[in-house]
Amino acid sequence: MPSATNRKRKKPMTQARRKKAKQKKQRRGPVMRFRFSQLILLWILSLIFCFGAYLYNRNFHPEKDVFLAESEDSSVTDDSQIESLPSEEEPQEMPDNTEAVEAEDSELTETEPIPTTTKINPVPESVPQPAEYLNKCAFLGEINVYQLGQNGLLQPFSVYASEKLSLTNYIREYVMLEGTTIRIMSAINSASCPIYLMFGTESLGTQPADQTADQFDQLLNSAIATAPEAQIIVLSIPPVTAFAEINGETPIKNSVIDDYNSRLLEISNKRDVYYVDVNTALKNNEGKLNPEYAEEDGIHLNTAGGQALLNYVLNHVPVV
């Protein structure tokens, strides 16, 4: 019979029993261990979420201030706010001349800059200049100016124009000058000769006079900056025939042309440059383009019309 001492003796620790005891000891630890890196990650994610919510509210609800919305809605006001609020016993009354004050303010904000031109516009009739005067000038413009060179009325080196040039594309459109393609603003860089500008006919068929005049004002401003030493002369655009007002491919009313030319005169005075009214010289008794001066489309000038335009220019040269 085994003794009581032998019965209490522990069984020898085998490798399997050691592994099982170790696994049991490990299970006694905490289920989830805390890591400092996880806290940092949660803080970063929270910051990103809050910043994203702020950007969303500021972009899609600009009328709200995310951080002040609660305080603005609160009924609690500090002493400074109470002092600034009007008293209920002393309601504020609007002055009787409110309308007059508002009208005066609107006039101040809407008033155009006062012209400071020293020029006499339109340029009055002067002593006729010889045809050689035109060879000393540069003519920038659309199809009507381009045709002056094609018809032999101007020397090729004096014509800065093309069939595609207009107020909407002159910045990127090239012109042919003595066999070289060049943009018109680059061509007149630092020029000192008289520069004649005639633009607008190709735009008035698709847009109103005020928009076209604004585009011309930008072109004129660029020309002044590019050639500050040059004498710049703005030419009014020619009228169109009665046929072109109704049946043209892009009909243009002479009333719209007259409106545009009057705006050119205002722009010329504002920019302190000369303005020559060739439009009047090309009109018949009905106030429209003389058919003898027109191409088949009734809009562009033929050789006779171009010659009449240049004759008017030679008889209206600004006196310096």
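The values are calculated or read from the model by the stated rules, or taken from the named source; none is laboratory data. Predicted model only: the values in this text are computed from it and were never measured. A quick note on method: Cβ atoms are made from the backbone with ideal geometry, for glycine too, and the neighbour counts reach across all protein chains shown. SASA here: full protein model, heavy atoms, side chains in, ligands and nucleic acids out. Shrake-Rupley method; radii C 1.70, N 1.55, O 1.52, S 1.80 Å.
Considering (1) at pLDDT 90 or above; (2) over 22 Å from Tyr293 (Cβ atoms); (3) over 25 Å from the mean Cα position of the chain (by Cα), the lone condition that Gln215 does not fulfil carries the number (3). Scanning the range 284-320 for residues that are in contact (Cβ under 8 Å) with a residue 60 or more places away in the chain, open to solvent by 40 Å² or more (accessible area, probe 1.4 Å) and not in a loop (DSSP other than H, G, I, E, B) yields Thr303, Gln307. A Cβ distance below 7 Å, combined with a sequence gap of six or more or placement on separate chains, defines the contacts here; from the range 244-268, residues that are under 28 Å from Ala223 (Cβ atoms) reach residues that are open to solvent by 60 Å² or more (accessible area, probe 1.4 Å) and of a type outside the set (Asp, Glu) in the pairs Thr250/Thr206. The one condition from (1) open to solvent by less than 10 Å² (accessible area, probe 1.4 Å); (2) of a type in the set (Gly, Ala, Ser); (3) modelled with pLDDT under 95 that Ala281 does not meet is (1). Considered as a group, the residues in the range 145-168 that are touching a strand residue (DSSP E or B) at 6+ places or on another chain (Cβ under 7 Å) and in contact (Cβ under 8 Å) with a residue 24 or more places away in the chain include one that is farthest from Gln215 (Cα to Cα), and that residue is Leu154.
What tally of residues in the range 241-265 results from selecting those that are more than 29 Å from the chain's Cα centre (by Cα) and buried (at least 20 other Cβ atoms within 10 Å of the Cβ)?
First, the residues of the range 241-265 that are more than 29 Å from the chain's Cα centre (by Cα): 241-248.
Now narrow it down to the ones that are buried (at least 20 other Cβ atoms within 10 Å of the Cβ): 241, 244-245.
Total meeting the criteria: 3.
Filtered by the rule that a residue be open to solvent by 10 Å² or more (accessible area, probe 1.4 Å) and part of a loop (DSSP other than H, G, I, E, B), the range 226-240 gives Pro228, Glu229, Ala230, Gln231.
Number of residues in the range 191-200 that are within 21 Å of the chain's Cα centre (by Cα) and in contact (Cβ under 8 Å) with a residue 60 or more places away in the chain: the value is 1. As a summary of the residue check, Leu153 satisfies the conditions (1) assigned to a loop (DSSP other than H, G, I, E, B); (2) more than 26 Å from Ala281 (Cβ to Cβ) except for the one numbered (2).
Yes or no, residue by residue, for (1) more than 25 Å from the chain's Cα centre (by Cα); (2) charged (D, E, K, R); (3) under 25 Å from Thr168 (Cβ atoms):
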position	(1), (2), (3)
Leu220	no, no, yes
Ile267	no, no, yes
Lys270	no, yes, yes
Leu289	yes, no, yes
Ala294	yes, no, yes
Ile299	yes, no, yes
Ala308	yes, no, no
Asn311	yes, no, no
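When residues in the range 145-190 are screened for being more than 27 Å from the chain's Cα centre (by Cα) and of a type outside the set (S, T, N, Q), 13 of them pass. Restricting attention to the range 241-269, the residues that are assigned to a helix (DSSP H, G or I), at pLDDT below 95 and under 29 Å from Arg183 (Cβ atoms) total 0.
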